[in-house]
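Asker: Have a look at this one.
Each value in this text was obtained by applying a stated rule to the coordinates, not by laboratory testing. As the structure is a computational prediction, the values presented were derived from the model and not from experiment. Quick reminder, even Gly has a Cβ in these numbers, built from the backbone with ideal geometry, and neighbours come from all protein chains shown.
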Amino acid sequence: MKATARVRDVREGRAWLACETTAVACAACAGGRGCALRWLGRAGGGTKLEVPARGIDGRRLAPGDGVTLEVSDGELLRLAALAYLPPLAGLLGGPLAAMLLDLRSEPVAVVGAALGLALGWGASRSWLRRSPPRYQIRAAEQP
């Protein structure tokens with residue numbers, strides 16, 4: 001996946017980027033829909049990203065510089081698994097746990113599914129915050 005961004009600000013050795021184009025690998029951004037990976041990864045979502053200020057060939061980024069962010073396909077697969085599998089496991093595991101505890105009724109199964117989904121979502125969000133996407137930053141190609 002590739003996206004172009006522009007450096008908005010540089011402070012204390014960190015650069016803040018704002019994406020200018022949507023990602024090539026997924027149609028969710030172009031369609032105006034939300035992305036669970038972006039939604040789970042940062043509070044408030046959005047297309048802003050904080051990166052080290054010496055991201056390109058050891059040279060310091062400056063406001064207005066254009067950059068290209070690249071995320072490998074394997075990394076996208078890892079992030080999708082972290083985003084979607086824990087909530088799914090919680091959704092299925094909640095009613096299963098209720099059944100194993102011999103609490104067999106539909107309301108208990110629904111509550112178990114909701115609690116499992118919430119716990120899975122929390123785990124997913126926590127893991128994505130501790131293990132953010134690995135990406136490469138390159139200087140944007142001039143037209």
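Asker: Give Y135, Y84 a once-over and let me know the one that is under 30 Å from R60 (Cβ atoms) and either of a type in the set (G, A, S) or out of contact with any Lys or Arg (no Cβ under 9 Å at 6 or more places or on another chain) (or both).
Answerer: Result of the check over Y135, Y84: Y135.
Asker: Just give me the residues in the stretch 85-143 being under 30 Å from V67 (Cβ atoms) and of a type in the set (S, T, N, Q), in sequence order.
Answerer: S124, S126, S131, Q136, Q142
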